[in-house]
Amino acid sequence: MATYKYRITDKFGRDKKGTLEAGSPEAATAKLKGDGAVVHSVEETTSVEDASWNITIGNPVKLKDITLFCRQFNSILNAGVTVIEGLKMMQESTENKVLRKSIYNVQVNVEKGETLANAMALEGKVFPDLLINMVAAGEATGNLSVAFERICVQFEKDMKLKSMITSAMIYPVVVLVVAVIVVIILMAKVIPSFQEIFDMLEGQLPLPTRIVIAVSDFVVANLVWVIGGIIALIAVIAYAKNTESGKQITSRMCLKIPIIKDFSIKNASAKFSMTMSTLVMSGVPLVEALGIVANVVENRVVRKVLNDAREDVMQGIPMSEPIEASGVFPMMVHHMLRIGEETGNVEQMLEKVAVYYEDEVETATKNLTTAMEPAVICLLAVVVGGIVGAIVMPMMQIYSLAT
C-alpha cells in the first residue's frame, strides 16, 4: 500500500492538504470523493520519514500520544459517531505518523469485520495491552465509551506518576554530570598548572597530592580514552538496565535501599491497585486482570509476586493470601483486598487503596528528592574538595617553610 499526498476542498468548502494510504491513485481519489471532497490532485509520495529504509528505535508512539487518542476518541464516541467514522476522524487529528498509520490499519481491519480490540492487537506494540483488554471488555459489555473513559483516567494517572519520577531524577543526574566534567577539567588543566610549584618543594609531597598528580598525569596522557571510557560506561549501564537481567538486578536493589525501597513499594502498590481496579470494574476476569497488571508493573520482583498470585487464584485461592505471603506489599493492600473479597467489592476497595497510594507516591517522591539533593551535594563537595585540598596541602607546606 502506497502513500499519496492530496490537495482537496472538503465538503465544508475548506482547502486541505495531507497524505493517505491506498492501493492505487484511483483508490485514494475514490476514498477522498467518498468523504464528499472535491479532489484537485493526488500524487504518490515517499518522504524520508516514510521511506522503507527508515529505522525506528524503540516505540515511537508514547503514552502521551495514546492518552490523547483515547481522550479524543472517547469524546467522538460520546457524540454518537460510529467507530469507523471515529477512526477516520482520528486520522486527521493525530500528529504522530506511526500512530496515524496504525489507526488507518485499525479502521481497515474493523471494516473487514474485526473487533476494535483485535484490530488494535494486530498493530503490535503501538497500542498497550491494557488498552486492548479494556476495549475488549468494553465491546463485550456494550460499554465501549465507558471503557475509554476509564482508560483515559488510568493513563493520565500513569503520566502523572512518570512525570513525578522524572522530575525527582533530573537534579541528581545534572549534578553528577557537572561533577564529572569539573573533575576532568581539574585533572586535565588545573593540576598540571601547579606542577612547577610542586617541583619547587623539597622532600616528598603529601600522599593525597601524589595520588592526585598521578591521576592527573594519567588523565592528561589518556584524555581521549578517559572520555571515551566514561561514555562507554554510561552506554553499557543504559543498555544493561534495559535487559531482563539488568531489570532483575535494579528491581532487587530498589527494594533494598531504604529511601528508594519506600518509594518503589508505594509506586508498585499504586500501580497495582489503580490498574486492577480499572480492569475489574470494566469486566475483565480477575485471573486475566492479574496477568495484565503483572506486565504493567515494572519492578521484576513485584511482577513475579503478581504472576505467582495469578497461579494461586487459578487454583481457587483468594488473591489477598499470596499478596500477603509475598511480604512485598504494605499491610494496607492485603487487608483492603481481604475486606473486598469478603464483601464482594474488590474493585471499590482497590480504588480506595489506589487513591491513598497515589498521594503516598507524591509524598515519597518529594522525600526522595529532598534526601538526594544534599546527598549529591555532599558527594560533589567530597570529590572536588578532596582534589582542592590535595593542591592546597603542599602550598601550606611552602608557607610554613617560608615563615
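The values are calculated or read from the model by the stated rules, or taken from the named source; none is laboratory data. All values reported here derive from a predicted model rather than from experimental measurement. Cβ sites come from the backbone with ideal geometry, for glycine too, and all protein chains shown count toward neighbours. Heads up: the accessible areas ignore ligands, DNA and RNA and are worked out on the full protein's heavy atoms, side chains in. Shrake-Rupley method; radii C 1.70, N 1.55, O 1.52, S 1.80 Å.
Listed peptides 233-242, 180-189, 154-163 appear in the order 154-163, 180-189, 233-242 once ranked by packing, highest mean of other Cβ atoms within 10 Å at the front. Rounded to the nearest 10 degrees, the angle from helix 331-343 to the longest Cα principal axis of the chain is 20 degrees. Taking the average, over residues, of other Cβ atoms within 10 Å as the packing measure, peptides 124-133, 214-223 rank 124-133, 214-223 from highest down. Taking Cα centre as origin and charging only the Cβ of basic (Lys, Arg, +1) and acidic (Asp, Glu, -1) residues, the dipole magnitude of region 269-316 rounds to 160 debye. Surface composition of region 88-160: carbon plus sulfur atoms contribute 49% of the solvent-accessible area (1.4 Å probe, protein chains only, all chains present). Protection proxy ranking of 273-280, 69-76, by the mean of other Cβ atoms within 10 Å over each peptide's residues and highest first, is 273-280, 69-76.
From the square roots a ≥ b ≥ c of the eigenvalues of the alpha-carbon gyration tensor of the chain, which class results: rounded (a/c under 1.5), prolate (a/b over b/c), or oblate? Verdict is oblate for the chain. Note on the chain: helix-only mean residue ellipticity at 222 nm, from DSSP H runs of 4+ residues weighted -39500 (n - 2.57) and normalised by residue number, equals -24000 deg cm²/dmol. Per residue, the accessible area of the chain comes to 56 Å² when a 1.4 Å probe rolls over the protein heavy atoms.
Share of region 247-403's accessible area from carbon and sulfur, percent, 1.4 Å? C and S atoms contribute 61 percent here. Judged by the ratio a/c of the largest to the smallest principal axis of the C-alpha gyration tensor, region 70-111 counts as oblate, that ratio being 1.5 or greater while a/b is no larger than b/c. The charge dipole of region 188-333, taken about its Cα centre with unit charges on the Cβ atoms of Lys, Arg (+1), Asp and Glu (-1) only, comes to about 220 debye.
Think of the chain as having a plus end and a minus end, set by charges on the Cβ of Lys, Arg, Asp and Glu; of Met396, Val173, Gly86, Met396 sits farthest toward the positive end of this dipole. What separates the Cα centres of region 107-185 and region 71-89 is a distance of 20 Å. Each Lys and Arg adds +1 at its Cβ and each Asp and Glu adds -1 at its Cβ; summed about the Cα centre, region 337-383 shows a dipole of about 260 debye.
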